[in-house]
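Heads up, the thing below is written out as structure tokens.
The values are calculated or read from the model by the stated rules, or taken from the named source; none is laboratory data. Note that this is a predicted model, so its numbers are computed, not measured. Please note: Cβ atoms are built from the backbone with ideal geometry, for glycine as well, and neighbour counts cover all protein chains shown. Accessible surface areas use protein heavy atoms only, side chains included; no ligands, DNA or RNA. Shrake-Rupley method; radii C 1.70, N 1.55, O 1.52, S 1.80 Å.
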Amino acid sequence: MTSTAETPPPLSPVATLLESSLKDIGIPPRPTILDRISREMAKEDPDYKRLGNVIGADVSLSASLIKTANSPFFGFRNRVRTIHEALMMLGLDVASQAIAGIILRKVFPNSLHLERFWDASARVARLSGWLAQHVGNNRLRPDDAYTFGLFRDCGIPVLLKRFPGYEKILAQANAEEQRSFTAVEETQLPTNHAMVGCLLAQSWWLPEEVCLAIRHHHDAAILETPAISPPPASRYRIAVTQFAEHLVQRHSGLSHTCEWPKLGTACLRLLDVTEAEVDAILAEAVTVMTTEE
Amino acid sequence: MRANGIDPTTGFLDRGSCLELVGRLAAGTNASGQRLAALWIDLSRLKQVNESFGHLGGDLVITQIAQRLREKSAGRGEWCRMGGDEFVCLIPNCDADHARQLAQDLLQTIEAPLRFGELFLHPSASIGIAILEANEDPFAFLERADRAMSTAKRQGGGRAVASGEEPMPGRLGILLAREELAIENKLHLALENGGLSLHYQPIVGFDGRIEAVEALMRCTADGELISPVKFIPVAEKTGLIIRLGEWSLLAGARYASELDSAGYRTKVAVNISRAQLASPAFPQALHAALLCANVSPELIELELTESLFMDISETVQTNLHAARAAGVGLAIDDFGTGYSCLANLKDIPATKLKLDRAFVVVLPHDRRAFAVVKAMTQLGRELGMTVVAEGVEEQAQLDALREAGVDAIQGYIHARPMPEEALLNWFQQRSSS
């Protein structure tokens, strides 16, 4: 049997041996499609058509990628219609992160009733992408803000899967007004969702600043004091998504978390936004939120 | 008047005030016949800090280093900031020997790691020394200190050179610094493009059991394999070692879990850096890795280099106990040659002692080495540890180690480090034979 570019090579006996065990691994392994893209990116002359065919084989992935490429914050004048166009317009590195974000949602078992969680993440991510263009003096690319929004809380589904009582801990952390979110988690767990999420992102080879932003996204001290680590690129990501979450909550009238009182001032300072400007930004953001629903 | 001539970040005199001061001091020195010394200090790596972390990061480094310089010189001399990362210290009544001594002290104080959150920065500097000559032009005097500093920098930095002692300028220093930067960039590339992998070397007990497999990091960037001998020191200098260490902990733990599921329940030993263990977030990171890998903690062993024991801080001590409480094993690597201190040994909750290869290579002929190995093995046993010998290549060495009472052997005599699939094949072959 010869293997073509479109059919994966037959599994070696060792790989078959490992296949069943992969299901029991705590965090989802890096999707193989991302490896294909990295390999193509490493080439001097990446073959977009071949990659398009590989991605195109998965109908729902293709549909989601085209939808992502048509998000208003990418600002493409013409609507993207095919995977090939999406790859060309986005470029492989952006496409790769967008695909990682799409797959992230699919790799967790449906049994966890995570629909609402992922919907909320997607809403914050989209608004983060929009905000990146409107505040913070363009220090963050909209697609970077968007991907970070999708991955920021990816530790949560991992912990839900592993600890039956995590839902309760989550509720307590969400309601906590004084201590940091992760401090509440650590009263009952030996770790926290930010650390777990950072490791997941790292094992998917996401950029360093994304991993560090995930790790520190509840850390007020990190946002307030200029320090060498995490780098500014991480801190902007944290600030933009936190601001987006706040606007989403103000718009819906439902505050699921108490993070804004703890982190808001530092986030606005990082983004060069004054308290007085927040209402005007919200008014503009509302149109984005409602058209995207 | 002077308030305007002060650098706001450091509180030192600024360039203008420095030039004015050197004129005055030189005039006074020439009149009194005393000596005046100038140290010209250039901090390295600051440009990278600025590029990576913005000027706020750079300023933070400058402020802390200025503080150290002020404390170390203890009121002797006037401090000036000449520009971004350059300082001058003017010391009246100071001869060449004193100046050199002070320069060495300053280098030492500058090189202590600076902590930023979980990262450590390892600053270093080059210092040029000049002593004012009779009736010398004060600016020419400063220029000599500056030139001597450039020489120190060309020689690779981290040293002091006195004016007039400069050897012929060489290019080696420059090349070395460039190579380090290139490796640092490659490490970043590897971290984001899947360029890291682990190879595993089995540790086999004298009873035939696989005691553990040690995970050894491999790093590829731009299709080129970078030797650990080259990338580990750079990773340690830049703080990247924490990220590399966390990556390998997770990857090793996942592999332990895979091996277990495949029916080969074996401990995986992962190397842990000093920087990782010194981080207050270490227990959370360790637990996150165990959880993400879905592995039983008893299948994980952390290998600690002996240099860790030079200075065991409270955080390190807490973290070591947290690791044991989590059920993870602790192995002391390269034992017996470096900083091992028996007093420390009793305080560290280690489960395994790995004897340095230096003892193994001279076996079986060196009977004194044999006696030391035997005694160390006895000691490890008494402390409840498993004792392993590293770097075993020959049958005669193996026999001697068996005689000394060592529990298990790591080395080419059993197997070389190999990638994941090859190790699985190795296991399969062993179990079928």
Quiz item: From the list B:Arg209, B:Arg159, B:Arg144, which residue is surrounded by fewer than 19 Cβ atoms within 10 Å (Cβ to Cβ), modelled with pLDDT of 80 or more and within 30 Å of B:Arg35 (Cβ to Cβ)?
Solution: B:Arg159
Quiz item: Considering only the range A:75-112, how many residues are in a loop (DSSP other than H, G, I, E, B) and not β-branched (Val, Ile, Thr)?
Solution: 9
Exercise. Take B:Ala262 and decide whether it is open to solvent by less than 50 Å² (accessible area, probe 1.4 Å), in contact with a Lys or Arg (Cβ under 6 Å, 6 or more places away or on another chain) and either away from every other protein chain (no Cβ under 11 Å) or on the phi < 0 side of the Ramachandran plot (or both).
Key: no
Quiz item: Can you tell me which residue in the range B:382-397 is nearest to the other protein chains (Cβ to nearest Cβ), limited to those that are among the small types (Gly, Ala, Ser) and either surrounded by fewer than 20 Cβ atoms within 10 Å (Cβ to Cβ) or at positive phi (or both)?
Solution: B:Gly384
Exercise. Name every residue in the range A:213-261 that is touching a Ser or Thr at 6+ places or on another chain (Cβ under 7 Å), more than 18 Å from A:Ile281 (Cα to Cα) and either more than 12 Å from chain B (Cβ to nearest Cβ) or touching a residue at least 60 places away in the same chain (Cβ under 8 Å) (or both), in order of residue number.
Key: A:Ala213, A:His218, A:Ala220
Quiz prompt | Matching residues, the range A:42-86, being of a type in the set (A, V, I, L, M, F, W, C) and open to solvent by 40 Å² or more (accessible area, probe 1.4 Å) | solution = A:Ala42, A:Ala57, A:Val59, A:Ala63, A:Phe76
Practice problem: Report, by residue number, each residue of the range B:403-412 that is surrounded by fewer than 22 Cβ atoms within 10 Å (Cβ to Cβ) and either in a helix (DSSP H, G or I) or touching a residue at least 60 places away in the same chain (Cβ under 8 Å) (or both). | Solution: B:Glu403
Quiz item: Can you tell me which residues in the range A:227-285 are open to solvent by 10 Å² or more (accessible area, probe 1.4 Å), within 26 Å of A:Ile169 (Cβ to Cβ) and in a loop (DSSP other than H, G, I, E, B)?
Solution: A:Gly253, A:Leu254, A:Ser255, A:His256, A:Thr257, A:Cys258
Quiz item: What about B:Glu314, is it among the acidic types (Asp, Glu), surrounded by fewer than 20 Cβ atoms within 10 Å (Cβ to Cβ) and free of Cβ contacts under 8 Å to residues at least 24 places away in the same chain?
Solution: yes
Exercise. For A:Arg152, work out the one condition from (1) touching a residue at least 60 places away in the same chain (Cβ under 8 Å); (2) open to solvent by 20 Å² or more (accessible area, probe 1.4 Å); (3) under 10 Å from the mean Cα position of the chain (by Cα) it doesn't fulfil.
Key: (2)
Quiz prompt | Which listed residue is farther than 30 Å from B:Asp260 by Cβ and open to solvent by less than 10 Å² (accessible area, probe 1.4 Å), from B:Leu379, B:Leu355, B:Leu363, B:Leu330 | solution = B:Leu363
Self-check item: Options B:Gly54, B:Gly75; residue that is at pLDDT below 80, surrounded by fewer than 20 Cβ atoms within 10 Å (Cβ to Cβ) and either more than 11 Å from chain A (Cβ to nearest Cβ) or more than 30 Å from A:Leu212 (Cα to Cα) (or both)
Solution: B:Gly75
Quiz item: Which of the residues that make up the range A:29-49 are within 30 Å of B:Ser296 (Cα to Cα) and either touching a residue at least 60 places away in the same chain (Cβ under 8 Å) or at the interface with chain B (Cβ under 8 Å from one of its Cβ atoms) (or both)?
Solution: A:Pro29, A:Arg30, A:Pro31, A:Ile33, A:Leu34, A:Asp35
Quiz item: In the range B:78-118, how many residues are part of a helix (DSSP H, G or I), within 23 Å of the chain's Cα centre (by Cα) and surrounded by 18 or more Cβ atoms within 10 Å (Cβ to Cβ)?
Solution: 4
Self-check item: Single condition B:Ala293 does not satisfy, out of (1) modelled with pLDDT of 95 or more; (2) within 9 Å of chain A (Cβ to nearest Cβ)
Solution: (1)
Quiz item: Take the residues of the range B:10-37 that are part of a loop (DSSP other than H, G, I, E, B) and more than 38 Å from the chain's Cα centre (by Cα): which is surrounded by the most Cβ atoms within 10 Å (Cβ to Cβ)?
Solution: B:Arg35
Quiz prompt | Counted residues, the range A:186-210 - those being more than 8 Å from chain B (Cβ to nearest Cβ), assigned to a helix (DSSP H, G or I), of a type outside the set (Gly, Ala, Ser) and buried (at least 21 other Cβ atoms within 10 Å of the Cβ) | solution = 2
Quiz prompt | B:Glu420 being within 26 Å of B:Val328 (Cβ to Cβ) and open to solvent by 60 Å² or more (accessible area, probe 1.4 Å) | solution = yes
Quiz item: Restricting the search to the range A:173-185, which residues are under 14 Å from B:Ala281 (Cβ atoms) and either open to solvent by 10 Å² or more (accessible area, probe 1.4 Å) or facing chain B (nearest Cβ under 9 Å) (or both)?
Solution: A:Ser180, A:Thr182, A:Ala183
Quiz item: Just one of A:Gly26, A:Gly56, A:Gly52 is modelled with pLDDT of 50 or more, more than 17 Å from A:Val94 (Cα to Cα) and away from chain B (no Cβ under 12 Å); which is it?
Solution: A:Gly56
Quiz prompt | Some residue of the range A:76-83 being farther than 16 Å from A:Leu51 by Cα and touching a residue at least 40 places away in the same chain (Cβ under 8 Å) | solution = no
Quiz item: Right, B:Glu301: acidic (Asp, Glu), within 25 Å of A:Thr191 (Cβ to Cβ), more than 13 Å from chain A (Cβ to nearest Cβ) and buried (at least 16 other Cβ atoms within 10 Å of the Cβ) or not?
Solution: yes
Quiz item: Could you say which residue among B:Ala400, B:Ala325, B:Ala415 is open to solvent by 50 Å² or more (accessible area, probe 1.4 Å) and not polar (S, T, N, Q)?
Solution: B:Ala325
Practice problem: For the range A:87-140, name all the residues that are open to solvent by less than 40 Å² (accessible area, probe 1.4 Å) and free of Cβ contacts under 8 Å to residues at least 12 places away in the same chain. | Solution: A:Gly91
